[in-house]
Amino acid sequence: MTLDDPLFGAGIDTLAIRAGQTRTAEGEHAEAIFPTSSYVFANAAEAAARFAGEQPGNVYSRYTNPTVRMFEQRIAALEGAEQAVATASGMAAILSLCMAHLKSGDHVLCAREVFGTTTNLFTKQLSKFGVETTFVPLADMAAWAAALRPNTRLLFVETPSNPLAVIADIQALADLAHSNNALLAVDNCFCTPALQKPLAFGADIIIHSATKYLDGQGRCLGGVVLGSAALMTDVLTFLRTAGPTMSPFNAWVFLKGLETLRLRMDAHSANAMALAQWLQQQAAVEQVFYAGLADHPGHEIARKQQRGFGGVLSFTVTGGREEAWQVIDSTRILSLTANLGDVKSTIVHPATTTHGRLSEEERQQSGITQNLIRISVGLEDIEDIQADLSRGLDGAKRPKSEV
Ligand SMILES: *Cc1c(COP(=O)(O)O)cnc(C)c1O
């Protein structure tokens, strides 16, 4: 954004509502959707110039689409990034980053606590192309330093982690990556730029699953890679060649989602904080994992690099799987689904769903015990969320199927 841009220096809400919008000659107030696969040229010379890249403008929607571009410019403004590249899903964003910046013989350091499919991408897919990955406990800086190799090119983290809200020190990881000429990529899905801006702490690349809070209402799949224009060039080339681009309709939904992002994230954070404190007082609750709580091991670092603590928390109940399932099955308002980042609160049993494929030993290592429950706290009235959980926590056995 240049100095003469009226939005230069504007606040987060103004950027979320205004950044990136262009208007057609129709003068539409809201952002337009361009559901078109290709574009026409005025004459053969213009077609030639566009194909040769000598004249700016659209050619084909695998390359550029005006609605997708508006979304890219808006999220880039929010993250303080030079450039954003929108993708079909969060996983397509991570794949595009890796295909652009890794090659056979490279080594990756990835946090042990990342999204399960991200782990699979590194272990089952990229390994086929000669990229080796070592997994490191997210908050253990000594382990990160010890695992670094001369050929380590990428450090990949998510902070806060899912579901235990482990916090990584972004600045320390960025310094470590740069000492080895490697890149630090942060999956900023849980905080979004409303709560955390990783580039300001030295990260090189940000990944989003737009599917979560950027949409915020559970409608569409999408993703974004963000960073300097220099780093995004190869990401864009991969995307244009391989094709996992964002659809214009999805981009339009995300544009609308961004407009309320900061308001929603603050409301999610407030509800989650209230729920965390309430859970701590329940007799049937053993421990609550939420970085907003002063006794959480990552609380101080989270305060340094986050504006708020987000909407996801987890807790253990006294007992084991049966007791955890009983709490989940006693809810009548919360949605039993593995998705998160929605205005609707969701509840899930990680050990038998999102983390069900891990061995019991891996689960123990990661703290995914059988008595653990994760909640993505939505924007319903907090009293109703608490009442919905009380039923199970107070021991009433009332399966969903019977209500
Ligand atoms: C959901 C999720 C992803 C994957 O995103 P999709 O849009 O489902 O492909 C990646 N990272 C995190 C942290 C997620 O929660």
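The values are calculated or read from the model by the stated rules, or taken from the named source; none is laboratory data. Here the structure is a predicted model, which means the values were calculated and not measured. Using ideal geometry, Cβ is built from the backbone for each residue, glycine included, and neighbour counts are taken over all protein chains shown.
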Of (1) part of a loop (DSSP other than H, G, I, E, B); (2) closer than 29 Å to Gly308 by Cβ; (3) away from the ligand (no atom under 16 Å from the Cβ), Asp342 satisfies all except one. Which? (3)
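Given the options Phe190, Phe156, name the one that is in contact with a Ser or Thr (Cβ under 9 Å, 6 or more places away or on another chain), within 16 Å of the ligand (Cβ to nearest atom), outside any loop (DSSP other than H, G, I, E, B) and in contact (Cβ under 8 Å) with a residue 24 or more places away in the chain. Walk me through it before giving the result.
Details: Phe190 fails: outside any loop (DSSP other than H, G, I, E, B).
Residue meeting the stated conditions: Phe156.
Does His268 satisfy the condition of being assigned to a loop (DSSP other than H, G, I, E, B) and on the phi < 0 side of the Ramachandran plot? Step through it out loud before you land on a result.
On the way: assigned to a loop (DSSP other than H, G, I, E, B): no; on the phi < 0 side of the Ramachandran plot: yes.
Taking the combined requirement at face value, the residue does not satisfy it.
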Which of the residues that make up the stretch 166-187 are in a loop (DSSP other than H, G, I, E, B) and either of a type outside the set (A, V, I, L, M) or at pLDDT below 95 (or both)? Asp169, Asn180, Asn181
Any idea which of (1) farther than 20 Å from Ser345 by Cβ; (2) crowded, with 21+ Cβ neighbours inside 10 Å is the one Asp215 doesn't satisfy? (1)
Does the stretch 306-333 hold any residues that are in contact (Cβ under 8 Å) with a residue 60 or more places away in the chain and small (Gly, Ala, Ser), and which are they? Gly308, Gly310, Gly311, Ser314, Ser330
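Taking the stretch 193-215 as the region of interest, how many residues are part of a loop (DSSP other than H, G, I, E, B), within 14 Å of the ligand (Cβ to nearest atom) and of a type outside the set (Val, Ile, Thr)?
First, the residues of the stretch 193-215 that are part of a loop (DSSP other than H, G, I, E, B): 196-197, 202-204, 210-215.
From what is left, the residues that are within 14 Å of the ligand (Cβ to nearest atom) are 196, 210-215.
Remaining after also requiring of a type outside the set (Val, Ile, Thr): 196, 210, 212-215.
Selection size over the stretch 193-215: 6.
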Filter pass, Ala44 being more than 16 Å from the ligand (Cβ to nearest atom), at pLDDT below 95 and loosely packed, with under 15 Cβ neighbours inside 10 Å: no
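Listed here are the residues, each with its yes/no results for (1) assigned to a helix (DSSP H, G or I); (2) in contact with a strand residue (DSSP E or B) (Cβ under 7 Å, 6 or more places away or on another chain); (3) surrounded by fewer than 24 Cβ atoms within 10 Å (Cβ to Cβ); (4) in the same structural domain as Leu176 (by TED's automatic domain parsing).
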{"residue": "Asn58", "(1), (2), (3), (4)": "no, no, yes, yes"}
{"residue": "Phe71", "(1), (2), (3), (4)": "yes, yes, no, yes"}
{"residue": "Ile75", "(1), (2), (3), (4)": "yes, yes, no, yes"}
{"residue": "Val85", "(1), (2), (3), (4)": "no, yes, no, yes"}
{"residue": "Val114", "(1), (2), (3), (4)": "no, yes, yes, yes"}
{"residue": "Thr117", "(1), (2), (3), (4)": "yes, no, yes, yes"}
{"residue": "Lys128", "(1), (2), (3), (4)": "yes, no, yes, yes"}
